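Peer 1: Following this message is one structure expressed as structure tokens.
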Amino acid sequence: MTGGLTPKWKKSRSRTRSRRAQWKAKPPTLATCPRCREAVLPHTACSSCGWYKGREYVQAIKGSNA
Ligand SMILES: [Zn+2]
């Protein structure tokens, strides 16, 4: 019981939970589509015009059911 690195008191459940409550969700990182100026997720084809890396991927997005 003489170890100097041991915390003196156990943290209560409410303290543990209030500390974890400090973690907040960040706003998602957004890039802008160079073609239609729509906010899109980076490294993802644009959801409104399907533009990505100079190519169009509209069919890959819209034709997923067909
Ligand atoms: Zn776009």
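Peer 1: Expected output is a single nm value to one decimal: the length gained when fully extending between residue 57 and residue 35, i.e. 0.36 nm times separation in residues minus the C-alpha distance. What is it?
Peer 2: Numbers: separation 22, 0.36 × 22 = 7.92 nm, distance 1.29 nm.
Full extension from residue 57 to residue 35 adds 6.6 nm.
Peer 1: Excluding residues on the same chain fewer than 8 positions from residue 53, give the lysines whose Cα lies under 20 Å from its Cα.
Peer 2: 62
Only the coordinates and a few stated rules stand behind these numbers; no lab work does. In this text the structure is predicted, and so the values were computed from the model without any measurement.
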